[in-house]
Amino acid sequence: MAVRFVLVGGFLGAGKTTTLARLARHYHSQGKRVGIVTNDQADSLVDTAMLQRQGWNVEEVAGACFCCRFDELVQRLESLAQTARPEVILAEPVGSCTDLAATVIQPLRHLYPQQVQVAPYVVLFKPSHGQRILRGEPAGGFSPKAAYIFCKQLEEADAIALNRIDELTPSQRQELVQLVRHRFPHKPLLSLSARTGEGFHALIELLEQQGQFGQHLLDIDYDVYAAGEAELGWLNATTRWQAEQPVPLDTLVQAVVQQLADVCRVHKAEIAHLKGIGWDESGAYAVANVVSNDGASQLSLSSGAWTPQAELIINARVATDPTWLAEQLHAVLSEQGQRWNAQVEIVRQRTLRPGRPVPTYRYSQVQA
């Protein structure tokens, strides 16, 4: 029996991981076995660490997008099939990637029709940047090339889901619905909050539809696409903390994320997504994130724990030089270490600008 493959796309900070976690809980409540595949340009992912700590079977494709690591994606699907025997596999691509209908969905449908049954491809709409981009304001805080990726993601979707509606006023919701419908008049449009669950039943119903999905193959300029991705600086860092006295884990994680976000704002380096997870030896964990320069840090998952020892992972995707971003993180870690009377060790760090996408496959026509 083919496994149901649910790919949820969307720009950096759109809420893909929160959506996958809620979907996983739903399918689990229905008695279905669930597997998850995360994806990033580098390893040491907040998303993977968080989902694993929630008890899910998670595989990770790191180092490039699903499209460029298609064979590895298939290997991860096969690994889950052997270890977890899932009936549903949830997957989230890198938030700066697009053209997935041609490079991921069509190859899966064509090459593995007996093993994989593809669900509708839903792309989450991120309000904080999407509103400015669709209004025609200066690139939503990014260059036109990065905004190009944002719009192409929506163009290839089977359906668009306006996420984070719990953060919007009724008038803001109404404006965004009008903007999306004007730009993409023939796309099914949902409104939901993955965090609170509002409107989530409609997403579940949509994902249960049967059919030939992923057919919106893009006419896309890979030069513009590659340049848009390359404007984003990537930083993944794993740190270890040892304090003289127990410290509040929630406050520590949020303070690191907030201070780094403040530095980015001062230097007008637009945040696409900045997130952190911290955990202690007991397994308690906290997650904080910032999704734009206009927003404050949110403690999306609270631990309530106090601990003298902790590990923190920081993932930052910001329109700036990644080397500069790493320097700012080091300064933040030093200051927060002094604040909490803690020794801070950087266990692993990776900085990069995404390279040009080179898909393993790219289908120019929809496969029967």
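The values are calculated or read from the model by the stated rules, or taken from the named source; none is laboratory data. Everything numeric in this text was worked out from a predicted model, so none of it was measured. In this analysis, Cβ positions are derived from the backbone assuming ideal geometry, glycine residues included, and neighbour counts consider all displayed protein chains.
Within region 211-231, not a single residue is touching a helix residue (DSSP H, G or I) at 6+ places or on another chain (Cβ under 7 Å), surrounded by 22 or more Cβ atoms within 10 Å (Cβ to Cβ), closer than 30 Å to residue 335 by Cβ and small (Gly, Ala, Ser). Among the numbered conditions (1) at pLDDT below 95; (2) closer than 18 Å to residue 95 by Cα, the only one that residue 295 does not meet is (2). If the condition is being within 21 Å of residue 233 (Cβ to Cβ) and part of a loop (DSSP other than H, G, I, E, B), then region 312-357 contributes 319, 320, 321, 353, 354, 355, 356, 357. Remark: residue 283 falls outside the filter, which requires a residue to be assigned to a strand (DSSP E or B) and under 23 Å from residue 307 (Cβ atoms).
Summed over region 53-68, the residues that are free of Cβ contacts under 8 Å to residues at least 24 places away in the same chain and not in a strand (DSSP E or B) give a count of 2.
Out of region 1-22, which residues are in a loop (DSSP other than H, G, I, E, B) and surrounded by 21 or more Cβ atoms within 10 Å (Cβ to Cβ)? Across region 1-22, the qualifying residues are 11, 12, 13, 14, 15. When you look at residue 299, is it surrounded by fewer than 22 Cβ atoms within 10 Å (Cβ to Cβ), of a type in the set (A, V, I, L, M, F, W, C), part of a strand (DSSP E or B) and outside the structural domain of residue 97 (by TED's automatic domain parsing), yes or no? Against the criterion (surrounded by fewer than 22 Cβ atoms within 10 Å (Cβ to Cβ), of a type in the set (A, V, I, L, M, F, W, C), part of a strand (DSSP E or B) and outside the structural domain of residue 97 (by TED's automatic domain parsing)), residue 299 qualifies.
Taken together, the residues in region 222-244 that are outside any strand (DSSP E or B), touching a residue at least 12 places away in the same chain (Cβ under 8 Å) and out of contact with any Leu (no Cβ under 9 Å at 6 or more places or on another chain) amount to 9.
Residue by residue, here is whether (1) under 18 Å from residue 291 (Cβ atoms); (2) modelled with pLDDT of 95 or more; (3) not hydrophobic (A, V, I, L, M, F, W, C) holds:
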{"residue": "175", "(1), (2), (3)": "no, yes, yes"}
{"residue": "182", "(1), (2), (3)": "no, yes, yes"}
{"residue": "188", "(1), (2), (3)": "no, yes, yes"}
{"residue": "194", "(1), (2), (3)": "yes, yes, no"}
{"residue": "201", "(1), (2), (3)": "no, yes, yes"}
{"residue": "206", "(1), (2), (3)": "no, yes, no"}
